[in-house]
Amino acid sequence: MTHSLQPNPERGNVFFYILLAIVLVAALTYAVTRGNRGNVDVFTDQQAKLAAQEIIEYGNTIAAAVQKLRLRGCADTEISFENDIYAGYTNSNAPADKSCHVFDLNGGALEYTKSPEPYFFPANPSWRQSYGFMTGSEWDGNGSTCADASCSDIIMILLPLDKKLCDQLNKLIGFSTPPSQTINGAPFVGTHAYSSTINNAAITSKTSACVHMGGDSYAFIRLILAR
């Protein structure tokens with residue numbers, strides 16, 4: 001009996017189909033991987049936009065609540081931002097019945113809300129997920145203008161922010177780039193102080209903006225009460 005040494009065409013076809021399958025699987029894996037990366041980028045942009053909308057709406061809600069309390073007769077020095085999440089906002093001037101508390105049913109009836117997901121913030125920020133309500137800055141174009149405590153406004157601030165979120169905020173507000181502005185102040189607890197003036201021409205007379213504070217530091221500011 002003799003054995004043929006000629007190649008088996010069927011075996012060659014099998015190897016060809018196996019090789020083709022490997023190539024197709026590799027190509028499909030590459031395409032899916034690239035697609036997923038693209039989807040992540042789109043998802044992140046969309047999430048940043050949603051976070052920006054949430055931040056702006058929250059600032060508007062706080063400002064409206066403070067105006068409501070003022071119309072009820074609360075003096076600016078009686079407004080309290082005391083809440084159950086972050087300490088340091090106890091206002092000894094506020095009425096005992098909490099009728100001038102923004103975050104109490106007897107007052108503004110709002111709930112203190114943490115800011116959006118922390119992955120929109122730089123690593124280990126000191127104020128992560130914390131809206132601050134401060135005195136110390138006078139915002140030109142709103143209320144009285146002077147460089148002392150009698151003109152100091154109450155401002156909500158959220159920092160530090162990632163530039164992508166800052167850009168999304170300003171896109172909604174109407175700025176093309178973050179205006180440069182230094183912000184100074186301390187938590188508002190019933191007394192006013194003066195540290196700096198918000199006077200960048202791009203935001204004079206505005207009530208909200210995401211500003212560049214230098215380096216990689218960005219902050220969202222919202223005028224809550226002009227004086």
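Values in this text are rule-based calculations from the coordinates and carry no lab data. What you are looking at is a predicted structure, and each value in this text was computed from that prediction instead of being measured. A quick note on method: Cβ atoms are made from the backbone with ideal geometry, for glycine too, and the neighbour counts reach across all protein chains shown.
Would region 85-219 count as rounded, prolate or oblate if I go by the C-alpha gyration tensor, calling it rounded below 1.5 in a/c and otherwise prolate when a/b exceeds b/c, oblate otherwise? Oblate, because a/c is 1.5 or more while a/b does not exceed b/c.
Each of Asp84, Asp45 has some number of other Cβ atoms within 10 Å of its Cβ, and from fewest to most they run Asp84, Asp45. Here Glu138, Glu54, Glu78 are placed in order of increasing Cβ neighbour count within 10 Å, fewest first, which gives Glu54, Glu78, Glu138.
When Rg and the Kirkwood radius Rh are both evaluated on Cα atoms of region 144-227, their ratio Rg/Rh stands at 0.96. Each of Arg222, Arg72, Arg227 has some number of other Cβ atoms within 10 Å of its Cβ, and from fewest to most they run Arg72, Arg227, Arg222. Residue pairs exceeding 24 angstrom between C-alpha atoms, taken from Lys68/Lys164; Lys114/Lys163; Lys68/Lys171: Lys68/Lys164; Lys68/Lys171.
Computed on region 74-227, with alpha-carbon pairs under 8 angstrom and 6+ residues apart, the relative contact order is 25 percent.
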